[in-house]
Amino acid sequence: MSVPYETAAYEPAESPESPEEHLERLLGRALNSFELPDEVIRRLDCALAHDSSLRSAHHSAGLHRETYRHTWLLADGSAVTLWELVHNTVPGGDAQHEVYVDEEELHTATARLALPPDTPDFELPVLMQLSSIPEPRHVYAPDDSADHARRLLRRAENPDRPGAETAALLATAVAHQITQAFGRPGRVGRAGLSFALYEHAFLLADGREVSLWEVEHTATPDGRHMCEVYTTEDAARDAMERRAARQG
């Protein structure tokens, strides 16, 4: 069974449409948008990225029903999802749009539609869905994060520090979080040396997450503090081990 897809109403994942524009368009076509809680709308004001996917469809005798999931990634790393119901009330009639804050409300709304019972609903397979936003690993704070990344890379002294490609990627950072990492001490900390490992996690404008790992240590000839930056935790910890071994 073929499923028509309203390309004029729904943008693919690569669309340049901003999260604000996508929300405005969704609310503008929904007949019941005024019923959405104000708190939900306020939270969506800080959305950084969005994603839409066709979740299910039902077509029979000129009647149709589709449900869509719209998800926005927020600056604090959380996500907000709205559910859209698209249907016609008479065969061949214009599509009507409704929007809900949870699936239970969506199911209640779909149950009232006059679709014949002999054509079962179906869920689209994963390969037919648009890309989804992954669950964020960090709690981010927007705070001139692109400049923070630039300064971090500038103070790195290791020859194998991240290069221009990483710098260009992090120029799109909109939020970040810094945490100190512990564990796997090995030889680190011997001979009076000071070592510290930090993860600098960045949230990019497109919703991706990128981390840099900073090693601060005093394993230098004159005992001064030195900063090294790596793209993986393993590379950073290996560098700490090597520095400690040379001074041990």
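The values are calculated or read from the model by the stated rules, or taken from the named source; none is laboratory data. Computed from a prediction, not measured in an experiment: that's the story for all the values here. Using ideal geometry, Cβ is built from the backbone for each residue, glycine included, and neighbour counts are taken over all protein chains shown. Just so you know, the surface numbers come from the protein's heavy atoms only, side chains and all, with ligands and any DNA or RNA stripped out. Shrake-Rupley method; radii C 1.70, N 1.55, O 1.52, S 1.80 Å.
Worth a mention:
- Pairs where the first residue, in the stretch 86-105, is free of Cβ contacts under 8 Å to residues at least 40 places away in the same chain and the second is assigned to a loop (DSSP other than H, G, I, E, B) and exposed (fewer than 10 other Cβ atoms within 10 Å of the Cβ), C-beta under 7 Å, 6+ apart: Asn88/Asp94
- Residue that is most open to solvent (accessible area, probe 1.4 Å) [pool: residues in the stretch 195-248 that are part of a loop (DSSP other than H, G, I, E, B), over 25 Å from Asp143 (Cα atoms) and of a type in the set (Gly, Ala, Ser)]: Gly248
- Residues that are assigned to a strand (DSSP E or B), open to solvent by less than 40 Å² (accessible area, probe 1.4 Å), touching a strand residue (DSSP E or B) at 6+ places or on another chain (Cβ under 7 Å) and not assigned by the TED database to the domain that holds Gly207 do not occur anywhere in the stretch 32-40.
- Within the stretch 1-31, the set of residues being modelled with pLDDT of 80 or more, within 16 Å of Gln96 (Cα to Cα) and open to solvent by less than 20 Å² (accessible area, probe 1.4 Å) comprises Leu26, Ala30.
- Test: Tyr68 is open to solvent by less than 10 Å² (accessible area, probe 1.4 Å), modelled with pLDDT of 80 or more and hydroxyl-bearing (Ser, Thr, Tyr): yes
- Residue that is out of contact with any His (no Cβ under 7 Å at 6 or more places or on another chain), under 26 Å from Ala201 (Cβ atoms), open to solvent by 10 Å² or more (accessible area, probe 1.4 Å) and in a loop (DSSP other than H, G, I, E, B), where the choices are Asp51, Asp76: Asp76
- Check on Thr89, open to solvent by 10 Å² or more (accessible area, probe 1.4 Å), hydroxyl-bearing (Ser, Thr, Tyr) and within 24 Å of the chain's Cα centre (by Cα): no
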